[in-house]
Amino acid sequence: MGPKKKTEIICRCNNISRETIEEAIRNGAHTLNEIFDTTSAGVGPCGGSCRRKLGPLLEYYLKHGEFPEKIVEDMTGKEPKKAGS
């Protein structure tokens with residue numbers, strides 16, 4: 001028996017693991033809205049900060065047919081903090 005796989009929590013608001021999200025995608029959730037509806041990830045009180053991971057994870061899977069080892073967050077829509085904020 002191999003080492004136990006570490007469970008990565010993607011959506012902290014709703015305590016949704018990467019494993020749960022990957023299972024939803026494998027079972028046909030092929031849009032972000034379908035992931036939100038199936039898992040409740042991305043719809044927490046924080047406003048969906050985990051969507052920066054959900055989008056790249058889904059995109060990679062749809063393009064390659066497998067999940068990436070490491071999720072690279074999409075930071076293109078995030079504004080940098082201003083000095084003194």
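Of the numbered conditions (1) modelled with pLDDT under 95; (2) more than 19 Å from Cys13 (Cα to Cα), Gly47 fails exactly one; give the number of that condition. Of everything listed in (1) modelled with pLDDT under 95; (2) more than 19 Å from Cys13 (Cα to Cα), Gly47 misses just condition (2).
Within the stretch 24-47, the set of residues being assigned to a loop (DSSP other than H, G, I, E, B), small (Gly, Ala, Ser), surrounded by 16 or more Cβ atoms within 10 Å (Cβ to Cβ) and under 12 Å from the mean Cα position of the chain (by Cα) comprises Ala41, Gly42.
When the stretch 32-47 is filtered for residues that are touching a residue at least 12 places away in the same chain (Cβ under 8 Å), in contact with a helix residue (DSSP H, G or I) (Cβ under 8 Å, 6 or more places away or on another chain) and not aliphatic (A, V, I, L, M), the ones remaining, listed by number, are Thr38, Thr39, Gly42. Restricting attention to the stretch 50-67, the residues that are part of a loop (DSSP other than H, G, I, E, B) and either at positive phi or at pLDDT 95 or above (or both) add up to 3. The residues of the stretch 9-23 that are more than 10 Å from the chain's Cα centre (by Cα) and either farther than 17 Å from Pro68 by Cα or modelled with pLDDT under 95 (or both), listed by number, are Arg12, Cys13, Asn14, Asn15.
The values are calculated or read from the model by the stated rules, or taken from the named source; none is laboratory data. In this text the structure is predicted, and so the values were computed from the model without any measurement. Glycine also receives a Cβ, built like all others from the backbone with ideal geometry; neighbour counts cover every protein chain displayed.
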